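A quick write-up on the structure given underneath.
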Amino acid sequence: MRESGFDIQRVIELIADRKIEEAMQEGKFDDLPGKGKPLPLDEEWFAPPEMRPAIRLLKSAGVLPDWLERAREIERLREDAQRLWRIAEREYPRACQLGAERFHEWRENSWQRILTVMQRVNSLILAYNCSAPTNATPQIPFQIETEQNRFYTVFVLEHSEEYPTGAE
C-alpha cells in the first residue's frame, strides 16, 4: 500500500530486518535448538498460516485436506510407475528370447500398465493443481508421448525392423 509517497509494507520489512540484524549481533540466536540443522517442515508448511491449525487438527484425526491426500496419492503412483519400469527392465532380456510376436505382446502389456498409472497420475495432478493453495508448488504431469517414445526406444527387439516409437 502506498500512501503519500512511501510503502508502509517496505518500511515494516526494513524495521524487521534491522531488529533481526541487531539480535544476531547481540548473539540472541546463538543458542537456539537445532541451530545449523534444516528446519523440520511439516506437510502443511506451504498452507496459509490461518489454515495450519485446522490442517493439524484434521491430520491428528487422520483426515487430510483433499489436495494433501492427492499429493500423497500422486507420490505413491509415481513410485508405482517407476516400479513397473524396473520390472520391464528385469523382464526385457527374457522377453527378447520369446520371438517377435510374443515380444510385442509383452512390450504392449508392459507399456499399457505404465501408461495406465501415468494417466491416473496426470488426472490427479490436474485436480491437485486446481485445489491446492496458491502458494503450494504445482505438480508437473508426465509427458506421456515423451515417455512412450523413451519406452519404445529402450525396449526394442534386436534384429527387428520396427520403428523406435513402437509404430508398426
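Could you please find all residues in region 59-72 being out of contact with any helix residue (DSSP H, G or I) (no Cβ under 9 Å at 6 or more places or on another chain) and either surrounded by 13 or more Cβ atoms within 10 Å (Cβ to Cβ) or closer than 23 Å to GLN119 by Cα (or both)?
Matches in region 59-72: GLU69, ARG72.
Give the residue, chosen from GLU158, GLU75, GLU79, that is among the acidic types (Asp, Glu), exposed (fewer than 14 other Cβ atoms within 10 Å of the Cβ) and either modelled with pLDDT under 90 or assigned to a loop (DSSP other than H, G, I, E, B) (or both).
That would be GLU158, the only listed residue that is among the acidic types (Asp, Glu), exposed (fewer than 14 other Cβ atoms within 10 Å of the Cβ) and either modelled with pLDDT under 90 or assigned to a loop (DSSP other than H, G, I, E, B) (or both).
With the checklist (1) of a type outside the set (A, V, I, L, M); (2) part of a helix (DSSP H, G or I); (3) modelled with pLDDT under 90 in hand, flag the one item ARG107 doesn't pass.
Of everything listed in (1) of a type outside the set (A, V, I, L, M); (2) part of a helix (DSSP H, G or I); (3) modelled with pLDDT under 90, ARG107 misses just condition (3).
Please determine, by comparing only the residues of region 1-48 that are small (Gly, Ala, Ser) and not in a helix (DSSP H, G or I), which one is modelled with the lowest pLDDT.
SER4
Name the residues in region 91-104 that are among the hydrophobic types (A, V, I, L, M, F, W, C) and in a helix (DSSP H, G or I), would you? Can you show your working first?
Residues of region 91-104 among the hydrophobic types (A, V, I, L, M, F, W, C): 95-96, 98, 100, 103.
Those that are among the hydrophobic types (A, V, I, L, M, F, W, C) and in a helix (DSSP H, G or I): ALA95, ALA100, PHE103.
Quick check on my filter: what residues within region 121-149 are more than 18 Å from GLU79 (Cα to Cα), surrounded by 14 or more Cβ atoms within 10 Å (Cβ to Cβ) and over 16 Å from the mean Cα position of the chain (by Cα)?
Once the filter is applied, which keeps residues that are more than 18 Å from GLU79 (Cα to Cα), surrounded by 14 or more Cβ atoms within 10 Å (Cβ to Cβ) and over 16 Å from the mean Cα position of the chain (by Cα), region 121-149 yields only ASN149.
Within region 119-153, how many residues turn out to be in contact (Cβ under 8 Å) with a residue 40 or more places away in the chain and not in a loop (DSSP other than H, G, I, E, B)?
Residues meeting the conditions: 9.
The values are calculated or read from the model by the stated rules, or taken from the named source; none is laboratory data. Being a predicted model, the structure only gives us computed values, none of them experimental. Glycine also receives a Cβ, built like all others from the backbone with ideal geometry; neighbour counts cover every protein chain displayed.
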